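The values are calculated or read from the model by the stated rules, or taken from the named source; none is laboratory data. All values reported here derive from a predicted model rather than from experimental measurement. Glycine gets a Cβ as well: all are built from the backbone with ideal geometry, and neighbour counts include every protein chain shown.
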Amino acid sequence: MNIVACVKRVPTTDAQAEIAADGTSLKTDGFQYMISFYDEIALEQAVQTKEASGGEVTVLTIGPASGSKEVRECLAKGGDKAIVLADDAWMQRDCRSTAKTLATKLQELGAELVFMGRVATDRDNAAVGPMTATYLGWACVTDVVEMTLEDGGGTAKRETEDGVETVRFSLPAIITCDKGLNEPRYAGLKGIMAAKKKPLEEAGAEDVPNQAVVTGVAPPPERKEGRIVGEGVEAIPALIDALRNEAQVL
Amino acid sequence: MSTIVVFVEHTEGSPRRGSLEAIGAARAAGADCVAVLSGPGADAVAATLGTNGAARAVVLAGRDAYSPDATAAACADVVKECGANGFLAASSACGRDLAPRVAAHLDCTLLTDCIELSAEGDGFAIKRPWLAGKCIAAVTTSGDVLCATTRLNVFQPAEGGGSAEVQTVTLGEGKAEVVSVDAKSSGALDVKEAPVVISGGRGLKEPEHFKLIEELAAAFGNAAVGASRAVVDAGWRPHSEQVGQTGKTVSPQLYVAIGISGAIQHLAGMRTSGTIVAINKDADAPIFKVADYGIVGDASEVVPALTEEIAKIKAQG
Ligand SMILES: Cc1cc2nc3c(=O)[nH]c(=O)nc-3n(C[C@H](O)[C@H](O)[C@H](O)COP(=O)(O)OP(=O)(O)OC[C@H]3O[C@@H](n4cnc5c(N)ncnc54)[C@H](O)[C@@H]3O)c2cc1C
Ligand SMILES: Nc1ncnc2c1ncn2[C@@H]1O[C@H](COP(=O)(O)O)[C@@H](O)[C@H]1O
């Protein structure tokens with residue numbers, strides 16, 4: 001099967017958000033980068049699917065031309081080849097721009113089963129998977145925690161507020177992966193060595209102008225100064241009083 | 001005049017609170033609201049939506065099983081048919097799954113998990129978190145239709161005395177379909193929806209001690225149980241309960257963090273909660289920096305005593 005894992009390079013989760021001088025973006029000089037948490041799960045699922053049913057895993061990213069280190073790691077973890085659609089402004093793309101660009105490439109690659117993350121932990125869109133599938137006219141199941149493939153399709157489970165939904169889908173399809181679907185592997189020495197010889201292709205990214213216009217970025221609203229109401233069990237009456245009379249949540 | 005189409009989820013004969021909040025957001029931004037509903041019982045719910053601020057309701061009929069792609073195509077048709085300049089859904093499991101597809105059908109971008117919506121020019125402006133709430137971006141769009149999802153527990157439902165005109169359209173076939181739902185044990189509230197969240201962390205020491213968290217949640221009656229990643233990774237609690245940057249982002253009226261240190265990834269998921277209470281043995285724990293009220297103490301002593309007090313208060317009504 002022709003399998004693709006779409007991964008995004010994002011700032012590490014311990015990154016601080018410092019607002020740049022233009023007031024509409026973040027300072028990036030302090031950022032360290034990683035493959036988005038859920039995309040590691042997507043990659044793992046792609047590799048496991050290949051291991052179970054054969055085929056090839058292409059790692060696809062829209063990202064900085066210089067950012068091949070993280071993509072190489074994906075190859076060390078079992079991807080067969082990688083394509084970087086180079087765009088230094090990849091983080092500024094809105095979800096529509098990313099989705100349209102990925103859709104064009106996935107079509108061209110003849111992908112049959114595509115794994116993405118539930119959400120990329122930078123802009124928190126949680127939108128690119130189902131948007132891409134819609135542009136392609138494909139099936140899509142989001143937030144998947146369990147899945148099996150059958151002839152021409154499969155079933156996937158996703159968690160909702162009410163419980164666990166089972167969704168039947170046809171192929172080609174995009175699956176967005178949630179925590180719990182699998183345990184991503186670490187890259188072993190053998191994988192790292194092998195990755196050096198795997199093809200990593202760089203191409204220009206299609207320019208799809210953004211519709212989203214960012215007019216400002218601000219720190220989150222300051223929380224008003226809190227206080228320690230006391231120590232141990234003796235503090236409970238003071239807490240109850242505060243919750244009742246100040247916060248009015250009791 | 002602006003018109004916003006809102007997808008309305010419903011359960012057991014009532015619209016879901018998150019969907020009513022989305023209607024409220026549309027109304028507060030000065031727009032007329034057209035509700036779209038699907039699934040068994042949609043007709044009856046549609047008929048009541050006038051009192052929640054909808055001017056019209058469209059029921060998508062013809063299929064029993066829910067298909068996200070078929071539903072999205074039909075929603076986009078409704079948006080086009082009524083010339084709407086907005087589409088909203090709640091930032092729920094269903095809304096987050098549906099809205100991106102509707103947006104793509106309209107070839108518009110999507111702004112997810114909005115915490116503010118206002119009229120601006122012929123369209124709208126929104127605010128939404130980046131990096132799980134470490135900063136807030138103000139965004140408008142050059143697309144024809146503003147497509148967005150509204151964060152749960154942020155917007156107020158609308159009051160409206162009118163009645164909604166109900167219309168039915170037929171759904172097409174889908175490429176994916178829900179074949180069954182394994183309902184979770186009745187009464188268990190979802191951490192994203194619940195007005196009160198009681199979360200526990202590694203400070204509870206043993207998985208069995210989560211009973212203390214469950215008992216406190218039960219005493220509140222309207223509370224869900226949440227967890228830090230440390231205890232989810234340790235297998236003490238299911239993934240669905242994890243709060244934080246790689247878990248769920250929650251904004252309950254009251255968030256109680258027990259035995260949670262307050263790592264940046266955890267704070268990202270809960271710092272917009274209404275009131276935050278922290279119970280932690282260590283007076284220097286970072287969680288106290290965002291907490292409105294803190295108790296320095298041992299969870300195994302403080303929590304049972306607090307549960308007893310809350311139960312007493314709730315019993316008095
Ligand atoms: C990529 C990435 C993503 C992450 N995403 C998330 C996320 O989504 N959510 C999340 O929560 N974390 C996340 N983390 C993990 C985060 O960095 C912390 O490790 C985690 O939140 C710590 O959990 P904790 O507070 O339960 O445990 P600890 O940090 O170990 O804190 C335990 C606390 O309990 C207190 N304590 C100890 N004994 C008692 C007692 N008897 N009574 C009361 N208090 C006591 C201690 O003083 C301490 O403050 C992520 C990390 C990474 C690297
Ligand atoms: N720049 C990108 N390159 C490749 N895949 C991406 C990119 N941006 C988003 N994705 C995929 O879409 C998923 C959801 O992203 P988002 O909708 O931005 O939260 C990610 O987890 C990736 O799998």
Quiz prompt | Residue list for the stretch B:96-113, filter: within 7 Å of chain A (Cβ to nearest Cβ) and touching a Phe, Trp or Tyr at 6+ places or on another chain (Cβ under 6 Å) | solution = B:A104
Quiz item: Counting residues that are within 19 Å of B:K192 (Cβ to Cβ) and in contact (Cβ under 8 Å) with a residue 60 or more places away in the chain, which helices (runs of 4 or more DSSP H) fully inside the stretch B:210-317 reach at least 1?
Solution: B:210-220, B:264-270
Quiz item: Somewhere in the stretch B:265-280, is a residue crowded, with 23+ Cβ neighbours inside 10 Å and within 16 Å of ligand 2 (Cβ to nearest atom)?
Solution: yes
Exercise. Test each condition in (1) in a helix (DSSP H, G or I); (2) hydrophobic (A, V, I, L, M, F, W, C); (3) under 19 Å from the mean Cα position of the chain (by Cα) for B:V5 and report the one that comes out false.
Key: (1)
Quiz item: Taking the stretch A:75-96 as the search range and keeping residues that are within 14 Å of another protein chain (Cβ to nearest Cβ) and in a helix (DSSP H, G or I), which one is nearest to A:S25 (Cα to Cα)?
Solution: A:Q92
Exercise. Could you check, for the stretch A:62-81, whether at least one of its residues is hydroxyl-bearing (S, T, Y), surrounded by fewer than 18 Cβ atoms within 10 Å (Cβ to Cβ) and either free of Cβ contacts under 8 Å to residues at least 24 places away in the same chain or away from ligand 2 (no atom under 13 Å from the Cβ) (or both)?
Key: yes
Self-check item: Selected residue (only one of B:A54, B:A65 is in a loop (DSSP other than H, G, I, E, B) and modelled with pLDDT under 95)
Solution: B:A65
Quiz item: Restricting attention to the stretch B:286-301, and to residues there that are within 24 Å of A:A15 (Cα to Cα) and touching a helix residue (DSSP H, G or I) at 6+ places or on another chain (Cβ under 9 Å), which single residue is farthest from the other protein chains (Cβ to nearest Cβ)?
Solution: B:P286
Self-check item: Candidates A:A99, A:A156, filtered to the one that is outside any helix (DSSP H, G or I) and in the same structural domain as A:S68 (by TED's automatic domain parsing)
Solution: A:A156
Practice problem: Could you check, for the stretch A:116-134, whether at least one of its residues is within 15 Å of ligand 2 (Cβ to nearest atom), more than 10 Å from chain B (Cβ to nearest Cβ) and in a loop (DSSP other than H, G, I, E, B)? | Solution: yes
Practice problem: Specify the residue that is surrounded by the fewest Cβ atoms within 10 Å (Cβ to Cβ); the eligible residues are those in the stretch B:231-252 that are within 10 Å of chain A (Cβ to nearest Cβ) and away from ligand 1 (no atom under 11 Å from the Cβ). | Solution: B:P238
Self-check item: Any strands (runs of 3 or more DSSP E) falling wholly within the stretch B:101-161 and containing at least 2 residues that are under 20 Å from A:R223 (Cβ atoms)
Solution: B:123-130, B:135-141
Quiz item: Under the condition of being facing chain B (nearest Cβ under 10 Å) and touching a Ser or Thr at 6+ places or on another chain (Cβ under 6 Å), which residue from the stretch A:97-112 is surrounded by the fewest Cβ atoms within 10 Å (Cβ to Cβ)?
Solution: A:A103
Self-check item: Given (1) loosely packed, with under 15 Cβ neighbours inside 10 Å; (2) away from chain B (no Cβ under 14 Å); (3) without any contact (Cβ under 8 Å) to a residue 60 or more places away in the chain, number of the condition A:Q16 does not satisfy
Solution: (2)
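Only one of A:E183, A:E202 is surrounded by fewer than 16 Cβ atoms within 10 Å (Cβ to Cβ) and either within 14 Å of another protein chain (Cβ to nearest Cβ) or part of a helix (DSSP H, G or I) (or both). Can you tell me which? Reasoning before the result, please.
Working: A:E202 fails: either within 14 Å of another protein chain (Cβ to nearest Cβ) or part of a helix (DSSP H, G or I) (or both).
Result of the check over A:E183, A:E202: A:E183.
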Self-check item: When residues of the stretch B:175-195 are limited to those that are crowded, with 23+ Cβ neighbours inside 10 Å and touching a residue at least 60 places away in the same chain (Cβ under 8 Å), the one farthest from B:A291 (Cα to Cα)
Solution: B:A176
Quiz item: within 16 Å of ligand 2 (Cβ to nearest atom), surrounded by 18 or more Cβ atoms within 10 Å (Cβ to Cβ) and of a type in the set (S, T, N, Q): does that describe B:T112?
Solution: yes
Quiz item: Consider A:V47 against the criteria (1) within 14 Å of chain B (Cβ to nearest Cβ); (2) not in a loop (DSSP other than H, G, I, E, B): it satisfies all of them except one. Which criterion is unmet?
Solution: (1)
Quiz prompt | Which listed residue is closer than 30 Å to A:E18 by Cβ and at pLDDT 95 or above, from A:A212, A:A195, A:A133 | solution = A:A212
